[in-house]
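Notes follow once the structure below has been shown.
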Amino acid sequence: MAARDEDRQWPLAKSFLSVVPVGRQPTFGGALKNVEFSVKGNTLTITVDLSKEFGPSASGKTIIIASTEGNSSLPGRSEVVGLNVYRKK
């Protein structure tokens, strides 16, 4: 039986931000919500407007502030980013 993505031990899996190396077969999400990426050299900068809200999460326990809605490729690079920003209700 193949392991599900949520069962795999990804690098930095318990961190706020996960950058998944090539070869891990990430799935790619939809449009970014309130997230901007910029890369200068080998430095990734992520910008999120913390004053915005996108409503409650599916469970209703948190308010979504920003999301990549799955994993997103960095333009022109091999790294992938998955990001969720939320606060408790």
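Values quoted throughout were computed directly from the atomic coordinates according to the rules given, and no laboratory measurement underlies them. Keep in mind that this is a model prediction, so the values were computed, not measured. Positions of Cβ are generated from backbone atoms using ideal geometry, with glycine treated the same way; all protein chains shown enter the neighbour counts.
Could you list the residues of region 49-89 with an amide nitrogen less than 14 Å from a label point located 7 Å from the Cα of residue 38 in the Cα-to-C-beta direction?
Flagged as within label range: 49.
Give, as a single signed number, the net charge of other residues whose beta carbon lies under 15 Å from the beta carbon of residue 48, with Lys and Arg counted +1 and Asp and Glu -1.
Charge balance in the 15 Å sphere: -1.
Could you order the peptides 58-65, 36-43, 75-82 from most to least packed, using the average number of other C-beta atoms within 10 Å per residue?
So the peptides 58-65, 36-43, 75-82, ranked by packing, come out 75-82, 58-65, 36-43.
Among the lysines, which have Cα under 27 Å from the Cα of residue 61 when same-chain residues fewer than 8 positions away are ignored?
Reachable lysines: 14, 33, 52, 88, 89.
Hey, rough spin-label estimate for residue 73 and residue 59, points 7 angstrom out along Cα→Cβ, what's it come to in nanometres?
Here the modelled spin labels are 3.2 nm apart.
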